[in-house]
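Some notes on the structure that comes next.
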Amino acid sequence: MEKLTNKEEEIMRVLWELKKAFVKEVVAELPEPRPHYNTISTIIRNMEDKGFIGYHAFGKSHQYYPLVSKEAYKKTYMHNTIHHYFENSYKNVVSFFAKEEKISVSELKEIISIIEKNQTNTK
């Protein structure tokens, strides 16, 4: 699965939230200044070609829906990010956020608790 552009991700977030939508509904959910309808329509068709979006035809109108779940995309994107920027090390990821002061001690303890719980459940 390839990485989406920033605008494509923005459109996917709208579709994940709405579950299905016509182009005009997608445009209405985008922040100001909103791109032109034709711009969004072109991006959506490109995303359809990439296999991210499907549609139901209603005459000449198309109602679009995601073919890739948010979880599947997030999993692939995070795996690629960790591989390319953190030497495949989740420790490096956590260390990065700790150094940037983006994660608290209580959040780290919660993560440790989740890991310990998962290890107990797999035994």
Legend entry - Local electrostatic count, Ile111, Cβ distance below 14 Å [Lys/Arg +1, Asp/Glu -1]: +1
Legend entry - Positive minus negative residues near Ile43 (Lys, Arg vs Asp, Glu; Cβ under 15 Å): -1
Legend entry - Footprinting exposure proxy for Val26, Val105, Val93 (fewest neighbouring C-beta atoms within 10 Å first): Val105, Val93, Val26
Inset, instruction - Once you've got the Cα coordinates, tell me which of Lys7/Lys74; Lys3/Lys70; Lys75/Lys117; Lys19/Lys70; Lys75/Lys109 are over 18 Å apart. - result: Lys75/Lys117; Lys75/Lys109
Legend entry - Shape of segment 73-123, Cα gyration tensor, a/c cut at 1.5: oblate
Legend entry - Within the chain: Cβ-based charge dipole about Cα centre, in debye rounded to nearest 20 (Lys, Arg +1; Asp, Glu -1): 280
Inset, instruction - Please give the peptides 50-58, 9-17 ranked by average Cβ packing (other Cβ atoms within 10 Å per residue), highest first, as a rough proxy for protection. - result: 9-17, 50-58
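Values quoted throughout were computed directly from the atomic coordinates according to the rules given, and no laboratory measurement underlies them. Note that the structure is predicted; figures quoted are calculated from it, not measured. Positions of Cβ are generated from backbone atoms using ideal geometry, with glycine treated the same way; all protein chains shown enter the neighbour counts.
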